[in-house]
């Protein structure tokens, strides 16, 4: 079934009614997401490509990453689609953890993966990114394309500017992201970023190192501990 696209709010001024309707849509979508995700528990968000199949080594890395997240007691949060997103959600479910998705409506419909305990569907990319960041105490970046790099650099920018806390950001597969490391070093050389900013990233191939980094910079740093949350859902609040 084709998805009906909303008019772009970046195409210039619209009528007063149209601008008000846009604000209403954003507010409604935000409140709905807040209610659905309110009891997700501390999350680790995984970013990565939607294009890898189950046979691909990066998909398998995504599964192991999801298991790692669940073993630490976090909820695995992804964009809820196929590829690495599916892999991370699958790994978390197989390890007995919780699995959440923030999906997006696209012209070429992207399927929601079957390993989600719950998900929220968005019309607006910027709201989706807010939710992927809001509930997370750490971020794991697996191989991906333009969207993955967008999510990585927005996360780093928010940390760098103090808009969110200095949560751990782990970039996995050194070979794939070698050009990115070279670019970052070039930025330091030209003083467009500081050498200190490089400490915001951990580049690694080791799941063990990634797990310890999350333990040190998420669990211990923020005083997190495992406990079971029970709550009564209120349908009138959208839960």
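The values are calculated or read from the model by the stated rules, or taken from the named source; none is laboratory data. Because the structure is predicted, anything quoted here is derived from the model rather than measured. When we count neighbours, we look across all protein chains shown, and the Cβ atoms used for this are built from the backbone with ideal geometry, even at glycine.
Return the only residue of 48, 41 being within 21 Å of residue 174 (Cβ to Cβ) and in contact with a strand residue (DSSP E or B) (Cβ under 8 Å, 6 or more places away or on another chain).
Working: 41 fails: within 21 Å of residue 174 (Cβ to Cβ).
It is 48.
Kindly list the number of the only condition in (1) surrounded by 18 or more Cβ atoms within 10 Å (Cβ to Cβ); (2) at pLDDT 95 or above that fails for residue 40.
(2)
Filter segment 140-183 for residues that are in a loop (DSSP other than H, G, I, E, B) and under 17 Å from the mean Cα position of the chain (by Cα) and give the result. Working first, answer last.
Filtering segment 140-183 down to residues in a loop (DSSP other than H, G, I, E, B) leaves 142-145, 161-168, 173-177.
Matches in segment 140-183: 142, 143, 144, 145, 163, 164, 165, 166, 167, 168.
Give 67, 90, 98 a once-over and let me know the one that is touching a strand residue (DSSP E or B) at 6+ places or on another chain (Cβ under 6 Å), more than 14 Å from residue 142 (Cα to Cα) and at pLDDT 95 or above.
Working: 67 fails: touching a strand residue (DSSP E or B) at 6+ places or on another chain (Cβ under 6 Å); 90 fails: touching a strand residue (DSSP E or B) at 6+ places or on another chain (Cβ under 6 Å).
Of the residues listed, the single one that is touching a strand residue (DSSP E or B) at 6+ places or on another chain (Cβ under 6 Å), more than 14 Å from residue 142 (Cα to Cα) and at pLDDT 95 or above is 98.
From the list 19, 11, which one is surrounded by 10 or more Cβ atoms within 10 Å (Cβ to Cβ), over 30 Å from residue 211 (Cα atoms) and at pLDDT below 90?
On the way: 11 fails: surrounded by 10 or more Cβ atoms within 10 Å (Cβ to Cβ).
Answer to the selection: 19.
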